[in-house]
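Chemist: Sharing a structure with you now.
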Amino acid sequence: MPYYRSVGEVPRKRHTQFRQPDGSLYAEELMGQEGFSSDSSLLYHRHLPTAILAAEEFTRPAWTRVPNLPLKPRHLRTHKLDGGPADAVLGRQYLLANDDVRIAYVVADQPSPLYRNATGDECLYVEAGTARIESTFGVLDAVAGDYVIIPTSVIHRIVPTGDSPVRLLTVEATGHIGPPKRYLSVRGQFLEHSPYCERDVRGPDEPLLVDGSEVEVLVQHRRGWTRYVYAHHPFDVVGWDGHLYPWAFSIHDFEPITGRVHQPPPVHQTFQGPNFVICSFVPRKVDYHPLAIPVPYNHHNVDSDEMLFYTGGNYEARRGSGIEQGSISLHPAGFTHGPQPGAVQRSIGVDYFDELAVMVDTFRPLDLCESALSCEDPGYAWTWARTGTD
């Protein structure tokens, strides 16, 4: 994250003696990225964070991916994936994936196991419901519209907290997710043209101290999954400081960038990851040139696949295509896409769009997973060929 936080108890100087009330030393842990040449945090544990009692290979529910063949636009209806009891980690139903990112949907009504993703950062988007994200850094409460960024290798669990399940779109990277570099100064401060800033970002405010011994933690890593048994509960951190920690940002705090004529997708960018970006489409005033056409022009992003998750409001460019709450559209590179028939004419004179959507653009092709095929609308690709023109 681009700014420093200090939570709980930390010593005056780093890497110096910091003693518990009984005189024993707290165990210092430096958690850092890019070979300790980038963001890091120092955590102070009551017990050794290295003390494990057992390790065994863990087999999580299997999923596979197949190429998007024949190449065509796709429409996935995620609400058709609602099923039985599930947690927000092992219950994920993977939809789209490549070697850089994995995108899944989950309806969770149970606490997840303690979990560490050692392959990359995760971005959770809350479509509906509420959840408590507990970690070694403390607690984040998440509500509908929140993005939650969980850095690589942070031990955490996701606990639904409302009367109804929490619905999450999950984005698992193979590297780090953060604000676009063009929004940040050389020292990491949000710049004036950024659509959000430090005031909009939430991090844990106090330590989460949990007692316990022989605690299981599931770890996803580059070679698979492992189940560890830790000698002590990992949520034993009395304090930490640094720039690396889980954080949350609400899509409702994203300030849209608008213009006299239609603005290109980069104005909606919210985060960047390795070979992909995440964008937010929010309610906004639209183009105010007297001859403006507010909906997007037909466009062909020749270098990336575009995935759009519809999570609220009315998406004018897709009216009549069957798009609904929880829909995902996939428009791949190699295919020109644009407004549905009739949308251009209908948009003329409109001055406000009430829409909410999360977009993931990837710079390598996205494959389809079984869950995507099971909830696909097979007629979507042909909806542009309906009778009628603009």
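The values are calculated or read from the model by the stated rules, or taken from the named source; none is laboratory data. Source: prediction; values computed, not measured. Cβ coordinates were reconstructed from backbone atoms using ideal geometry, including for glycine residues, and neighbour counts include every protein chain displayed. Keep in mind that these areas ignore ligands, DNA and RNA; they rest on the heavy atoms of the full protein, side chains included. Shrake-Rupley method; radii C 1.70, N 1.55, O 1.52, S 1.80 Å.
Chemist: Give me the dipole magnitude in Debye, nearest 20, for the chain about the Cα centre, with unit charges on the beta carbon: positive for Lys and Arg, negative for Asp and Glu.
Modeler: 660
Chemist: Next question. The range 232-390: D in µm²/s via Stokes-Einstein (Kirkwood Rh, Cα pairs, 25 °C, 0.890 mPa s)?
Modeler: Stokes-Einstein gives a translational diffusion coefficient of 138 µm²/s.
Chemist: Sticking with this one: How much of the accessible area of the chain, in percent, comes from carbon and sulfur atoms when a 1.4 Å probe is used?
Modeler: Carbon-and-sulfur percentage of accessible area, whole number: 50.
Chemist: Starting at the first residue of the range 370-377, write each ³J(HN,Hα) from the Karplus equation 6.51 cos²θ - 1.76 cosθ + 1.60 with θ = phi - 60°, in whole Hz, x for Gly and Pro.
Modeler: 4, 5, 5, 5, 6, 10, 6, 8
Chemist: Let me ask something else. For the chain, just list the percent of Cα-Cα distances falling in each 20 Å bin from zero outward, please.
Modeler: For the chain, the binned pair fractions read 27, 55, 17, 2 percent.
Chemist: Per residue, how much accessible area does the range 327-378 have with a 1.4 Å probe, in Å²?
Modeler: 36
Chemist: Would you give the gap between the C-alpha center of the range 309-383 and the C-alpha center of the range 164-189, rounded to a whole Å?
Modeler: 22
Chemist: Quick one: Cα convex hull volume of the range 68-213, Å³ per residue?
Modeler: 162
Chemist: OK, next. Determine ³J(HN,Hα), in whole Hz, for all residues of the range 138-149 in sequence, where each value follows from phi through the Karplus function 6.51 cos²θ - 1.76 cosθ + 1.60 and θ = phi - 60°; x replaces Gly and Pro.
Modeler: Residue by residue, the range 138-149 yields x, 10, 10, 9, 10, 10, 3, x, 7, 8, 10, 9 Hz.
Chemist: If you don't mind, another one. Which lysines, if any, have their Cα less than 30 Å from the Cα of Lys80, not counting same-chain residues under 8 positions apart?
Modeler: Those lysines meeting the cut-off are Lys72.
Chemist: If the reach is capped at under 16 angstrom between alpha carbons, list the aspartates and glutamates near Lys285, excluding any in the same chain fewer than eight residues apart.
Modeler: Filter leaves Asp253, Glu255, Glu316, Asp351, Asp354, Glu355.
Chemist: HN-Hα J couplings of the range 121-126 from phi, Karplus 6.51/-1.76/1.60, θ = phi - 60°, integer Hz, Gly and Pro as x?
Modeler: Once θ is set to phi - 60°, the couplings for the range 121-126 become 5, 10, 10, 9, 10, 8 Hz.
Chemist: Now for a different question. Compare Phe36, Phe353 by solvent-accessible area with a 1.4 Å probe and give them largest first, with all protein chains kept in place.
Modeler: If we order Phe36, Phe353 from most to least accessible, we get Phe36, Phe353.
Chemist: Accessible area per residue, 1.4 Å probe, Å², for the range 178-262: what's the number?
Modeler: Value for the range 178-262: 52 Å² per residue.
Chemist: Further question: Of all alpha-carbon pairs in the range 346-390, indicate the percentage at a distance above 14 angstrom.
Modeler: 76
Chemist: Lys13: which aspartates and glutamates have alpha carbons under 16 Å from its alpha carbon, excluding same-chain residues fewer than 8 sequence positions away?
Modeler: By straight Cα distance, Lys13 reaches Glu28, Glu29, Asp241.
Chemist: Is it possible to state the helix-based mean residue ellipticity at 222 nm for the chain, with each DSSP H run of 4+ residues giving -39500 (n - 2.57), the sum divided by total residues, to the nearest 500 deg cm²/dmol? What is it?
Modeler: -500 deg cm²/dmol
Chemist: Follow-up. Heavy-atom accessible area of Asp236 with all protein chains present, probe 1.4 Å, nearest 10 Å²?
Modeler: The value for Asp236 is about 10 Å².
Chemist: Taking springs between alpha-carbon atoms closer than 10 angstrom, which of Val302, Val126, Val171 fluctuates most in the Gaussian network model of the chain?
Modeler: Val302
Chemist: What does the accessible area of Leu218 come to, in Å² to the nearest 10, when a probe of 1.4 Å is used?
Modeler: Here the accessible area works out near 10 Å².
Chemist: Okay, next question. How much length is gained on full extension from Trp63 to Ser185, taking 0.36 nm per residue of separation minus their Cα-Cα distance?
Modeler: Computed gain between Trp63 and Ser185 is 39.8 nm.
Chemist: Just to confirm, what accessible area per residue do you get for the range 267-312 at 1.4 Å probe, in whole Å²?
Modeler: 39
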